[in-house]
Amino acid sequence: MSATEERTLPPVGELAIATIALVVVGGVYMAAHLPKHFSLVIPIIDLAVAVGLVLTNVVLLSRIRPFAWRTFFLVGKWALAGYVVISGMLVYVFARDHTPAGPMAVLAGMLATFAIDIPMLFGFSVARFQEPDRTD
Amino acid sequence: MVDVAEVAPGAPPGMAGGPPPIPEFQIVPLRGLILVAIVIAALIVAIAGNWLWALDFFHVVGGGMWTGIDLFVGFIVGPIIGRMSIAARIEFSTRFMPKMLLLMPTLVTMTLAAGWQLARHVGNLDAGYHRHGWLVASYIVVGVMAVIAIGLLEPANLAVLFELKKPQPNPELIGRLMKRFIYTAGITGAMQVATLVIMTRIAT
């Protein structure tokens, strides 16, 4: 089957977008409350669901056969490099401002989830339209 | 990811019925990475030094360009691309999209990192700040734009560029992805109007 023909693929893109939305909601919630003290229950639940979606996506992705894995990892590693810099910058800003350890840990977790989720989304979005690897 | 594209084989470029010509291009312009590195380094220095002028500069310049480009692409360039022929869209995309791939994430990082630090520096982050609600509104607008830009616009941008690297690109797929790019650029452009209202409210 040609790679550009419509294939039925798992909803990796949709789950990745939902993950971004969860990270954004958690980030906005925390940014709106900082620098004062606030309950971390909502952001932690939010982060847990986001991590769950990323792990689900990893499982769904690993089951796709055949797939253009070379393209997936080519795009993914460049995107990872870019988003590690962006997430690193934001972690640096919060650390520079002496954000308390609890919120800092949750924020770092959200930014790490963000930095893993986006390369997966970009890699999948490109690889789905490429010819699958011959080894698959 | 930075390979040079081959011109599509088959009928001569531009010939009726033949594949449209594809100019040589780099998906990630390597020379642009040097500029990005300089900007990020300068931003880190500004944050580390907590220099008010430098933070203001990065936030205002980054935010102004981000807003201006989103509005311009969403309402001026987007509709023009939508009326172009497939061949013209391809030529435009190969020159325009790689630049956007570096420019927009850099502007967004500049604006947000410097803006957060600036707000903290001048005391706007405090819940007691009389326009704190407007600040939270700006987080929400930026958040929605981030979901649209990262979740829909950027993947479409990348998929188009990779499709154009193929010996036989699929014009139907490119057209569909470009339509998504144009619509999402329009939505983020419209949301930037809200950013302008919020930022001028905060600054007044």
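The values are calculated or read from the model by the stated rules, or taken from the named source; none is laboratory data. Treat the numbers as computed from the prediction; the structure is a model and nothing was measured. Virtual Cβ from ideal backbone geometry, glycine too; neighbours counted across all protein chains shown. Keep in mind that these areas ignore ligands, DNA and RNA; they rest on the heavy atoms of the full protein, side chains included. Shrake-Rupley method; radii C 1.70, N 1.55, O 1.52, S 1.80 Å.
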Notebook entry, point to check: Applying the selection to the stretch B:151-165, what residues are open to solvent by 10 Å² or more (accessible area, probe 1.4 Å) and at pLDDT 85 or above?
Noted result: B:152, B:153, B:154, B:162
Next item on the list: State all residues of the stretch A:31-49 that are open to solvent by less than 30 Å² (accessible area, probe 1.4 Å) and facing chain B (nearest Cβ under 10 Å); if no residue qualifies, say none.
Entry: A:31, A:32, A:34
Check: What single numbered condition from (1) surrounded by fewer than 21 Cβ atoms within 10 Å (Cβ to Cβ); (2) modelled with pLDDT of 90 or more; (3) charged (D, E, K, R) fails to hold for residue A:117?
Finding: (1)
Next item on the list: Would you check which residues across the stretch A:88-133 are touching a residue at least 12 places away in the same chain (Cβ under 8 Å) and β-branched (Val, Ile, Thr) and list them?
Entry: A:91, A:99, A:106, A:113, A:116, A:118, A:126
Check: Among (1) surrounded by fewer than 20 Cβ atoms within 10 Å (Cβ to Cβ); (2) within 9 Å of chain B (Cβ to nearest Cβ); (3) within 12 Å of the chain's Cα centre (by Cα), which single condition is residue A:74 missing?
Finding: (3)
Next item on the list: Search the stretch B:137-148 for residues being closer than 18 Å to residue B:104 by Cα and either among the β-branched types (Val, Ile, Thr) or in a loop (DSSP other than H, G, I, E, B) (or both), and hand back the single one that is nearest to the chain's Cα centre (by Cα).
Entry: B:148
Checklist line | Any pair with Cβ under 6 angstrom, 6 or more apart, that starts in the stretch B:19-45 at a residue that is open to solvent by 30 Å² or more (accessible area, probe 1.4 Å) and at pLDDT 90 or above and ends at one that is assigned to a helix (DSSP H, G or I) and β-branched (Val, Ile, Thr) | finding: B:36/B:106; B:39/B:106
Item checked: Residues of the stretch B:49-89 satisfying the condition of being within 15 Å of residue B:112 (Cα to Cα), among the small types (Gly, Ala, Ser) and open to solvent by 40 Å² or more (accessible area, probe 1.4 Å) -> B:64
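Conditions tested, residue by residue: (1) farther than 28 Å from residue A:11 by Cβ; (2) in contact with a strand residue (DSSP E or B) (Cβ under 6 Å, 6 or more places away or on another chain); (3) at the interface with chain A (Cβ under 9 Å from one of its Cβ atoms); (4) of a type in the set (Val, Ile, Thr).
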| site | (1), (2), (3), (4) |
| --- | --- |
| B:107 | yes, no, no, no |
| B:138 | yes, no, no, no |
| B:150 | no, no, yes, yes |
| B:161 | no, no, yes, no |
Note to self: Can you tell me which residue is nearest to the chain's Cα centre (by Cα) among those in the stretch B:123-136 that are more than 9 Å from every other protein chain (Cβ to nearest Cβ) and touching a residue at least 12 places away in the same chain (Cβ under 8 Å)?
What the structure shows: B:134
Notebook entry, point to check: Can you name every residue in the stretch A:82-117 that is of a type in the set (Phe, Trp, Tyr) and either away from chain B (no Cβ under 11 Å) or over 18 Å from the mean Cα position of the chain (by Cα) (or both)?
Noted result: A:92, A:94
Notebook entry, point to check: Limited to the stretch B:90-117, what total is found for residues that are over 18 Å from the mean Cα position of the chain (by Cα) and open to solvent by 20 Å² or more (accessible area, probe 1.4 Å)?
Noted result: 2
Next item on the list: Report yes if some residue within the stretch A:44-65 is at pLDDT below 90, under 22 Å from residue B:106 (Cβ atoms) and not aromatic (Phe, Trp, Tyr); otherwise report no.
Entry: no
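Residues are listed down the side, and each one gets a yes or a no for (1) among the charged types (D, E, K, R); (2) more than 10 Å from chain A (Cβ to nearest Cβ):
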| site | (1), (2) |
| --- | --- |
| B:95 | yes, yes |
| B:164 | no, yes |
| B:172 | yes, no |
| B:191 | no, yes |
| B:202 | no, yes |
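Picking from A:25, A:93, A:51, A:59, which residue would you name as being in contact with a Ser or Thr (Cβ under 7 Å, 6 or more places away or on another chain), farther than 27 Å from residue B:98 by Cα, of a type in the set (Val, Ile, Thr) and part of a helix (DSSP H, G or I)?
So the residue among A:25, A:93, A:51, A:59 that is in contact with a Ser or Thr (Cβ under 7 Å, 6 or more places away or on another chain), farther than 27 Å from residue B:98 by Cα, of a type in the set (Val, Ile, Thr) and part of a helix (DSSP H, G or I) is A:51.
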